[in-house]
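So the structure is just underneath, and the comments pick up after that.
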Amino acid sequence: MRERAWSSAKGLLNGRRVRLFIALAVLFTLWWVLMGKLETELQRAEQQSVNMVLSQLRSALVVKGAESMLSREQSLEQLVGDNPFEWLDHQWPMYRGQCDQGNPKRGHWCFARRLQKETGEDGKGWLIYNPKQPITINGKLAEPDQPLAWAVITEFADRNRNNLREHDERLTGLKLAPVPLADTTVNRQEAGR
C-alpha cells in the first residue's frame, strides 16, 4: 500500500512537470512569434517614417522650385545640392543638421556638405539617412548601417526621353534624387585633396 501511495505521488509530480514544460513551451512559442511580429512592425514603421519625410521634402522642393521660377533673383540651378530641410518650418527630431565625421547614427538624417578645393565647404551636398532596420525605400533594400543618400537636382522637360538635358530643354522644377553614397564619399575625398 505504501508503495502505491509513493508511486501515485511520483506520478502526480511527473504530471506537474510535464504540464509545466508544455506551458513553458507554449509561452516561449508565443513570445517568439510576438518578437517576430514586433520586428516586422518596427521595420514597417521606420519605412513609413522615411517615406513621410521624403514626401514632405519633395513637397518643399515643389514650393521652393515654384518660388524660384517666379523670382528674378534666384534660379533653379542655384538651388541644386541645397539642403531641403532648411526650407521647412519644422523641427525634426531625427535630423541632426550637418554630418559630423562619417555617417549619422542609426535612424537619423544629416546633410553632408560637398567640399571645394579653394574655399572648403560651399553649402551644397547630400541628405543622408542611416536605417535602423532592413527597409525598402523606392524599391531599394537598405540594410542597417548602409546609409542612403539623396541630392536636390533640377527636373527638365525631356522631349526626346534620353534622360539627358539638352540646351533647348527647359527646367521645370526641383526633385530629390537618390545618389549612390559611394560616389558622394569619393567626390568629397577628391575635393579634399
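When Leu127 is tested against (1) part of a helix (DSSP H, G or I); (2) in contact (Cβ under 8 Å) with a residue 60 or more places away in the chain; (3) open to solvent by less than 70 Å² (accessible area, probe 1.4 Å), only condition (1) is not met. Restricting to the range 22-33, name every residue that is open to solvent by 80 Å² or more (accessible area, probe 1.4 Å) and of a type outside the set (Val, Ile, Thr). Leu24, Leu27, Phe28, Leu30, Trp31, Trp32, listed by residue number. Entry remark, the range 90-106: residues being at pLDDT 80 or above and in a loop (DSSP other than H, G, I, E, B) number 6 in total. Among the listed residues Arg19, Arg58, which satisfies the condition of being open to solvent by 80 Å² or more (accessible area, probe 1.4 Å), in contact (Cβ under 8 Å) with a residue 40 or more places away in the chain and assigned to a helix (DSSP H, G or I)? Being open to solvent by 80 Å² or more (accessible area, probe 1.4 Å), in contact (Cβ under 8 Å) with a residue 40 or more places away in the chain and assigned to a helix (DSSP H, G or I) holds for just one of Arg19, Arg58, which is Arg58. All of Glu46, Glu73, Glu41, Glu67 fail the test of being without any contact (Cβ under 8 Å) to a residue 24 or more places away in the chain and under 30 Å from Ala142 (Cα atoms), apart from Glu41. The selection criterion, being open to solvent by 100 Å² or more (accessible area, probe 1.4 Å), more than 17 Å from the chain's Cα centre (by Cα) and of a type in the set (Lys, Arg), does not hold for Lys64. The residue that is surrounded by the fewest Cβ atoms within 10 Å (Cβ to Cβ), among those in the range 107-120 that are of a type in the set (Gly, Ala, Ser) and modelled with pLDDT of 85 or more, is Gly107.
At pLDDT below 75 and loosely packed, with under 10 Cβ neighbours inside 10 Å - does that describe any residue in the range 180-191? Checked against the condition, which is being at pLDDT below 75 and loosely packed, with under 10 Cβ neighbours inside 10 Å, the range 180-191 yields at least one hit. When the range 132-149 is filtered for residues that are assigned to a strand (DSSP E or B), under 18 Å from Cys99 (Cβ atoms) and touching a residue at least 24 places away in the same chain (Cβ under 8 Å), the ones remaining, listed by number, are Leu148, Ala149. Only residues that are open to solvent by less than 60 Å² (accessible area, probe 1.4 Å) and within 22 Å of Leu171 (Cβ to Cβ): list them for the range 67-87, please. Ser68, Ser71, Ser75, Leu76, Leu79, Val80, Gly81, Asp82, Asn83, Pro84, listed by residue number.
The values are calculated or read from the model by the stated rules, or taken from the named source; none is laboratory data. Please read these numbers as outputs of a predicted model, since none were measured by experiment. Positions of Cβ are generated from backbone atoms using ideal geometry, with glycine treated the same way; all protein chains shown enter the neighbour counts. Surface accessibility is based on the protein's heavy atoms, side chains included, excluding ligands, DNA and RNA. Shrake-Rupley method; radii C 1.70, N 1.55, O 1.52, S 1.80 Å.
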